[in-house]
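Enquirer: Could you have a look at this structure, given as structure tokens, before my questions?
Laboratory data are not the source of any read-out in this text; all were calculated from the coordinates shown. This structure is a prediction, so every number in the text was calculated from the model and none was measured. When we count neighbours, we look across all protein chains shown, and the Cβ atoms used for this are built from the backbone with ideal geometry, even at glycine.
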Protein chains: 2
Amino acid sequence: MNLIRTREESYININPLQTGGRTNAAVRLTAANYVDGYSVCDYCKGVLHLIEKPPICDLTRQLAEFLGMDDARLTLGAREGKFAVMHTMLEPGDAIVVDSNRHYSTYVAAERAGAKVYDVPNTGHPAYEITPQAYRNTFEQVLSETGTVPKLALLTHVDGEYGNLADACEVGKICREYEVPFLLNTAYTAGRMEVDGKQLLADFVVVSAHKGFGVPGTIGILAATEKWAERLFRKSTRYPKKDVELLGCTARSGAAACLITALPYVKERVKHWDEEVAKARWFVEQMEGLGDIEQLGIRPTRHDLIRLKTPLFHEITRKHRKKGYFLYRELEKRGIIGLKPGQTEWFKLSTYGFTWDQIKYMFGAFEEIAKNLGG
Amino acid sequence: MNLIRTREESYININPLQTGGRTNAAVRLTAANYVDGYSVCDYCKGVLHLIEKPPICDLTRQLAEFLGMDDARLTLGAREGKFAVMHTMLEPGDAIVVDSNRHYSTYVAAERAGAKVYDVPNTGHPAYEITPQAYRNTFEQVLSETGTVPKLALLTHVDGEYGNLADACEVGKICREYEVPFLLNTAYTAGRMEVDGKQLLADFVVVSAHKGFGVPGTIGILAATEKWAERLFRKSTRYPKKDVELLGCTARSGAAACLITALPYVKERVKHWDEEVAKARWFVEQMEGLGDIEQLGIRPTRHDLIRLKTPLFHEITRKHRKKGYFLYRELEKRGIIGLKPGQTEWFKLSTYGFTWDQIKYMFGAFEEIAKNLGG
């Protein structure tokens, strides 16, 4: 079966999962050169992160530096990185503290590791903010319930529900105070904005490269400080070159070669993060100007992932023959995809990486739909 | 950095890791359509193996059937599948029995799961065969040492060292007799030859699709019988659609779309396995005919992965100015790559998927090198 995705690729895709993972022409060229199964392993000498051609050995060193950490490895994604840290740090029954805005896979990874999850509540409607103080409260709760501090704390740097940028450094300070190792999930930040793990007091940083570094999947990064690197990247007793927690090699695919190609572009693009935030804010302002639309999460937003409550569009479903699907269809007609079909009460979108002209075109589409069908 | 792999792709690559993972034009077309990070998730409704466009939901059903098992999921590779089974079936300290021809990642996965590994010895030089009887002996050893049968047994259907095809069905019978769940690693068989898991009495089957199904990495298959599927594919307590052991979704990349494209070709190619074995046998016979070359492993070979002991070539290193590297260089000059640079005492290669003309050309190259430089 030939699978063509022309439509989705040609359209403006506003799905927040997709905007940071879009590939450029250079990455596509590399991808086309490493399609065959184990092609990246042509010159393997036993371990993925030591391969010299393509220069993956150099890549992992560069990635550690880029993330402000001491050591790094490729993983198969952010969730796989989270599990690797949890599986290293937690025994079944141990307590882990995670923010309640976390991705489901954070919870599932903890569940797979047999850990007991303590949620850090957010501030609720409308900001849904995770405050450092709430971490302190949850640490105290764990202390009083179990008699000991949690074995690990995880913070989602920017969450996928509200696009809230959390104050990682302040959470890190509280972790230091309680001596709780601190894992920062940067799936929605690293590759978009500068992330300096050690400056944020993180012990571990996980990255989703197919979400944030403009490469094909599946690939991520797991970085650690010197203090933990040896334990996290412990070697097999029988195979002294092989990382146990990584099962030897992880992203043994063209994605690793693509990340080499992508990294210089990513290093450049994070310098322009302010402009990306400016686009997101402009878009929110315009949308709210249509009336009966409200951005949820921290205001003004500090990220391209935007969650909007949209009674304006929901109202239209009452009389439109396509019911809740009208918005998806109307956007599609205008070359915009990535909204969940049927969603009108609220939706999420991302403005990341689009030109100002595209951002204006996107807003124009929503405006036109609201004017044609609303009121 | 633009990474071009033209050389390796244009050459005849005899690396056993690569021959079953080579992609055809149709798969490449699909790959080119799914380069962007999360592109396969355009129409996700929450779980990878339920995605309808591209039809991954249908794929997993087809894969279960193709492998003669009741249920299947995509994984990120064979090793990730092995770990998922081990992590499900074994508590730290539990005994697992594995053949000593296994891939290193089998051992590392067991180590990661905290299991105690009992090796089933092979018959030693020159066949290095894993016999069913040796499983019985190792089960008895575990029984006498621990007072209980092992919690899991793993057999490498064809190993990566000698290309020995093990008698899975007979091992399966012994597993049934001792009531030991049986995990069959088909990284070097599924996708090349027909594998019917239930007929081989396997409880679990793991597959490496980037090694055996002609698709880009990283992707594999994990299949189970009805008896174990619910336990292996258990759902999160908080997210009832999400498989805990798979962290929700695994091969969330273009590789999943490629596998859809590849499957009809794979279903066809396994029917021609006899011809592949014939090519391997012909090649071995010709090579041995050069003198002072011996095929190790089961004779006549039943697989395309061939291990040759080659004093003939090793002798040449004594007088050649390139020392052990002469063979790699001489083959490279003739358009053949995939041998480990420096290896001359013995080497592994694969004849899989080459035409008879290519096979003859390959032998001709070795013959020419032997005649020009040997004796």
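Enquirer: What residue among B:Q358, B:Q62, B:Q18 has the largest mean-square fluctuation in a Gaussian network model of chain B, using Cα springs under 10 Å?
Expert: B:Q358
Enquirer: Now a separate question. Cα-Cα pairs above 11 Å in the stretch A:326-375: how many percent?
Expert: I get 71 percent for the Cα pairs in the stretch A:326-375 exceeding 11 Å.
Enquirer: Can you grab the distance from the C-alpha centre of the stretch A:134-175 to the C-alpha centre of the stretch A:23-85, Å, no decimals?
Expert: 30
Enquirer: So, one more: Treating the beta-carbon of each Lys and Arg as +1 and of each Asp and Glu as -1, no other charges, what is the dipole magnitude of the stretch B:1-143 about its Cα centre, to the nearest 20 debye?
Expert: Details: 14 positive and 17 negative charges, 78 e Å.
In total the dipole reaches around 380 debye.
Enquirer: Where both residues lie in the protein assembly as shown, what percent of DSSP beta bridges are antiparallel, nearest 5? Please list the in-between numbers first.
Expert: Details: 42 of 78 bridges.
Roughly 55 percent of the beta bridges in the protein assembly as shown run antiparallel, per DSSP.
Enquirer: Looking only at A:R329, A:R79, A:R302, which one moves most when chain A is put into a Gaussian network model with springs between Cα atoms under 10 Å?
Expert: Fluctuation is largest for A:R329.
Enquirer: Looking at the axis that maps chain A onto chain B, which chain A residue has the closest Cβ, and how far off is it in Å, rounded to a whole number?
Expert: In residue-and-Å form, the answer is A:L76, 3.
Enquirer: Would you mind computing the Rg to Rh ratio of the stretch B:221-275 from its alpha-carbon coordinates, Kirkwood style for Rh?
Expert: Taking Rg over the Kirkwood Rh, I get 1.13.
Enquirer: May I pose another question? Under unit Cβ charges (Lys, Arg +1; Asp, Glu -1), what dipole magnitude, rounded to 20 debye, does the protein assembly as shown have relative to its Cα centre?
Expert: 1220
Enquirer: Which one of B:Y135, A:T301, B:W273 has its Cα pushed farthest toward the positive end of the charge dipole of the protein assembly as shown, where Lys and Arg give +1 and Asp and Glu give -1 at the Cβ?
Expert: Toward the positive end, the furthest listed residue is B:W273.
Enquirer: OK, next. Along Cα-to-Cβ, 7 Å out, sits the label point; list in nm, shortest first, how far the one on B:R329 is from those in the other copies.
Expert: 7.0
Enquirer: Tell me the GluC sites (Glu not before Pro) within the stretch B:290-375 that lie in a loop according to DSSP and have at most 14 other beta-carbon atoms within 10 Å.
Expert: Working: sites: B:E294, B:E315, B:E330, B:E332, B:E345, B:E367, B:E368; in loops: B:E345.
When the GluC sites (Glu not before Pro) of the stretch B:290-375 are filtered for loop state and at most 14 Cβ neighbours within 10 Å, B:E345 remain.
Enquirer: Mind scanning B:K319/B:K371; A:K322/A:K371; A:K198/A:K235 and naming the pairs with a C-alpha gap bigger than 19 Å? All intermediate terms of the calculation are to be shown ahead of the outcome.
Expert: On the way: B:K319/B:K371 15 Å; A:K322/A:K371 17 Å; A:K198/A:K235 24 Å.
Going by Cα-Cα distance, A:K198/A:K235 fall outside the 19 Å limit.
Enquirer: Nothing charged except the Cβ atoms of Lys and Arg (+1) and of Asp and Glu (-1): what's the magnitude of the dipole of the stretch A:24-269 about its Cα centre? Round to the nearest 20 debye.
Expert: Here the size comes out at about 840 debye.
Enquirer: So, in nm, how far is label B:Q343 from label B:E140 when the simple model puts each one 7 Å beyond its Cα toward the Cβ?
Expert: Inter-label distance under the simple model: 3.6 nm.
Enquirer: Considering only the other residues whose Cβ falls under 10 Å of the Cβ of B:L296, what net charge follows from Lys and Arg at +1 and Asp and Glu at -1?
Expert: My count for the surroundings of B:L296 gives +2.
Enquirer: At q = 0.25 Å⁻¹, what is the log10 ratio I(q)/I(0) for the stretch B:116-210, with the Debye formula run over Cα points and no solvent?
Expert: -1.36
Enquirer: Another question, if that's okay. Rg(Cα) of the stretch B:224-351 divided by 2.2 N^0.38 Å? Intermediate results must be reported in sequence, preceding the final value.
Expert: Values: Rg = 22.4 Å, N = 128, 2.2 N^0.38 = 13.9 Å.
Cα-based Rg divided by the globular estimate yields 1.61.
Enquirer: Still on this model: Give, in whole angstrom and from largest to smallest, the semi-axes √(5λ) of the equivalent ellipsoid of chain A, with λ running over the eigenvalues of the Cα gyration tensor.
Expert: For chain A, the ellipsoid semi-axes come out as 36, 28, 17 Å.
Enquirer: Using a 4.7 Å Cβ cut-off, which Cys residues in chain A lack a partner cysteine?
Expert: Those would be A:C57, A:C169, A:C175, A:C249, A:C258, since no other cysteine Cβ in chain A comes under 4.7 Å of theirs.
Enquirer: If the viscosity is 1.002 mPa s and the temperature 20 °C, what Stokes-Einstein diffusion coefficient in µm²/s follows for the protein assembly as shown when Rh is the Kirkwood radius over Cα pairs?
Expert: 79
Enquirer: Return the aspartates and glutamates within reach of B:K116: Cα separation strictly under 19 angstrom, same-chain partners fewer than 8 residues apart disregarded; answer none if there are no such residues.
Expert: A:E91, A:D243, A:E245, B:E80, B:E91, B:D94, B:D99, B:E140, B:E145, B:E179
Enquirer: In the neighborhood of A:D70, defined by Cβ-to-Cβ distances under 14 Å, what is the net charge if each Lys or Arg adds +1 and each Asp or Glu adds -1?
Expert: It works out to a net charge of -1.
Enquirer: Only sites in a loop by DSSP and with at most 11 other Cβ atoms within 10 Å count here; which GluC sites (Glu not before Pro) in the stretch B:144-187 make the cut?
Expert: B:E179
Enquirer: Can you tell which of A:D99, A:D274, A:D159 shows the greatest fluctuation in a Gaussian network model of chain A with Cα springs below 10 Å?
Expert: Looking only at A:D99, A:D274, A:D159, the largest GNM fluctuation is found for A:D274.
Enquirer: Something else now. Would you mind pulling out the separation of the Cα centroids of the stretch B:204-230 and the stretch A:312-343, in Å?
Expert: Cα centroid of the stretch B:204-230 versus Cα centroid of the stretch A:312-343: 39 Å apart.
Enquirer: Pulled fully out, how much extra length does the chain show between B:D357 and B:Q133, if you take 0.36 nm times their separation in residues and subtract their Cα-Cα distance?
Expert: Values: separation 224, 0.36 × 224 = 80.64 nm, distance 4.07 nm.
Roughly 76.6 nm would be gained on extension.
Enquirer: Quick check on the protein assembly as shown: helices-only [θ] at 222 nm, where DSSP H runs of length 4 and up contribute -39,500 (n - 2.57) each and the sum goes over total residues. Nearest 500, please.
Expert: Helices in the protein assembly as shown give a 222 nm mean residue ellipticity of -12000 deg cm²/dmol.
Enquirer: Also: At 0.36 nm per residue, minus the direct Cα-Cα distance, what do A:D119 and A:K267 gain on full extension? Give it in nm, one decimal, please. Numbers along the way, then the final one.
Expert: Details: separation 148, 0.36 × 148 = 53.28 nm, distance 3.35 nm.
Residue separation times 0.36 nm, minus the Cα-Cα distance, leaves 49.9 nm.
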